[in-house]
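Read through the structure below, which is laid out as structure tokens, and then see the notes.
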Amino acid sequence: MDTNNNIMDTNTYMNEHQNPKWITRKLWWCAGADEYFLMKSPKQDRVKYAGIGAIVFFTGFLAACAGYVAFDTMFAPKTLGGMPNEKLSAFEENFWILSLIFGIIWGILIFNLDRFIVSSTGKGDGTDSITWKEIIQAIPRIIIALILGFSISKPLEIKMLKSEIDVELGIKQQEKLREYDKLTVAKYKEEIALLDNDINKIEADRNILVDRQKNAEKEYIDQMQGRSGQQGFGPRAKQLLELSKDSENKIVEFDKKNAFELKTLKSNRTKKLQDQDFERNVTNIEKAKKLDGILARLDISHEIGFWIGICITLILLSIEMGPIFFKMMMTKGPYDYMVENFNHKIQTENGVFKEDKLYEGRNGLIHMETYRYADAEIAKHQVEDKIKSQIEVNSLAVEKAKDKMLKDIKENPDKFIG
């Protein structure tokens, strides 16, 4: 009677918890648990796997956020100190859409990795203590979880400290910009100086001719006005006039001879000045903007908020590795025994038998698991029986042939002699 009451109580309990909420089922799926057996399990097992599934889901969600931040930081249009660019193309303005798509893909990838890691992590020895053996067995999964934790935490760290990073980054970019400008001025200063020397040399030679012409013209005027003591157009005045005209002709010839070279030099000088201005106002600014990368932001983040970054990383690492350690600390419950029973049943139905054996070793007894495969053993016996039968047939055939040959020798020995 008591047994029937207990059965009724169990059935009543299962009926009351038969229909979990939709979100609970999805969390079980995130944890890689079997819904069929959890439906037959007590609430304790359901809560455990729903909690693990929630950790896996939100880890994937944080990974998606981190992927969005990382992709946007690496490939989005660069800025000076986080200040937005004045002119952006339609592609640059909508670049966040690509970042969002990449973030979602990255989040799904990390979610599936975490789901695989958690679902493939066993219960260890089934007790709530973690042994060294369990830790050693979980090392590959722990290493993967560490890598994933760092990859998620660093972009989130950059995003959380974005305003402070933008200020420091702007200062460093301006310092670098001034350094680039100094190098640019120094580079073009030497080139412009060489052009100025050539221009000044040509202009100096022309000025000599101009001065000679002016002196001759002035002396001619003085001669004509009598300032030199002699007035009128005499031999001296005629000589000065010819000298003035000759100087004018030399200036014209000089200009014709050097006009192209002088024009080229001045054009080159103007172009150098334009190149210098372009390099300072465009090229150097673009180079300074390229300092706005994920590595530069990480360096600044470590400089201004090292301990904050450590805390964020530790939090993400604990979230990432938590399910692995939780599963090693979980004691076996009805769900685990039902899953093991079902797996053994499937193996047995398919002809796979597990046998536990103990061996005496140097350090005591050693437990080993061996498996027997019924189909393989049947096939093996069939092949062995076939080989055995074939050997018996061959032996019988050889024996019969031997008897026949001996009989022939006895009846007709001359046939086998000479």
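At what distance in angstrom do the alpha carbon centres of segment 257-333 and segment 186-206 lie from each other?
39 Å
Where in segment 283-327 is the amide nitrogen less than 16 Å from a point lying 7 Å along the Cα-to-Cβ axis of residue 183?
Residues passing the 16 Å test: 283-292.
Given points 7 Å out from each Cα along the Cα-Cβ axis, report the residue 274 to residue 374 separation in nanometres with one decimal.
Using points 7 Å along Cα→Cβ, the separation is 9.1 nm.
Which FRET efficiency value, to the nearest 0.05, is calculated for residue 340 and residue 75 with the Förster distance at 56 angstrom and r the Cβ-Cβ distance?
E(calc), rounded to 0.05, equals 0.70.
Of 65, 311, which has the most accessible area with a 1.4 Å probe, and how do the rest follow in descending order?
311, 65
Could you tell me which of 319, 335, 259 has its Cα farthest along the dipole of segment 245-360 towards the positive end, charges placed at Cβ (Lys, Arg +1; Asp, Glu -1), taken about the Cα centre?
Among 319, 335, 259, the one farthest towards the positive end of the dipole of segment 245-360 is 259.
Is there a pair in 21/327; 176/272; 380/407; 201/245; 40/154; 354/388 whose C-alpha atoms are over 31 Å apart, and which pairs would that be?
As for pairs spanning more than 31 Å Cα to Cα, those are 380/407; 40/154.
Classify segment 280-403: rounded, prolate or oblate, from the alpha-carbon gyration tensor (a ≥ b ≥ c, eigenvalue square roots; a/c under 1.5 rounded; otherwise prolate if a/b is larger than b/c)?
It is prolate, given that a/c is not under 1.5 and a/b is the larger ratio.
What distance in nm separates the two pseudo spin-label positions at residue 190 and residue 347, each 7 Å out from Cα along the beta-carbon direction?
Inter-label distance under the simple model: 7.9 nm.
Over the alpha-carbon set of segment 304-361, work out the extent along each principal axis and list the three values in angstrom, largest first.
Ordered largest first, segment 304-361 gives principal extents of 64, 34, 20 Å.
Can you give me the solvent accessible area of residue 377 with a 1.4 Å probe, rounded to the nearest 10 Å²?
60 Å²
Length gain on complete extension for the stretch residue 112 to residue 391, per 0.36 nm per residue less the alpha carbon to alpha carbon distance?
94.8 nm
So how do 41, 389 rank on accessible area, 1.4 Å probe, biggest first, that is with the largest at the start?
Result, largest first: 389, 41.
Rounded to the nearest 0.05, what FRET efficiency is calculated for residue 143 and residue 197 with R0 set to 60 Å and r the Cβ-Cβ distance?
Rounded to the nearest 0.05, the efficiency is 0.35.
Say each of residue 402 and residue 26 gets a label point 7 Å from the Cα, pointing the same way as Cα to Cβ; how far apart are those two points in nm?
Placing both labels 7 Å along Cα→Cβ, they lie 8.1 nm apart.
Rule-of-thumb check for segment 336-418: C-alpha Rg over 2.2 N^0.38 Å?
Here the Cα radius of gyration is 2.32 times the empirical estimate.
Just to confirm a number: summing +1 for Lys and Arg and -1 for Asp and Glu over residues other than residue 272 whose beta-carbon lies under 14 angstrom from that of residue 272, what do you get?
-1
Can you give the FRET efficiency for residue 254 and residue 286, using 1/(1 + (r/R0)^6), R0 = 56 Å, r = Cβ-Cβ distance, to the nearest 0.05?
Result of the calculation: an efficiency of 0.80.
How much accessible surface does residue 302 have with a 1.4 Å probe, in Å² rounded to 10?
70 Å²
Could you please put 24, 184 in sequence from largest to smallest accessible area, using a 1.4 Å probe?
24, 184
Could you pull the accessible area for residue 264 with a 1.4 Å probe, rounded to 10 Å²?
50 Å²
The values are calculated or read from the model by the stated rules, or taken from the named source; none is laboratory data. Predicted model only: the values in this text are computed from it and were never measured. Please note: Cβ atoms are built from the backbone with ideal geometry, for glycine as well, and neighbour counts cover all protein chains shown. Heavy atoms of the whole protein, side chains included, go into the accessibility calculation; ligands, DNA and RNA do not. Shrake-Rupley method; radii C 1.70, N 1.55, O 1.52, S 1.80 Å.
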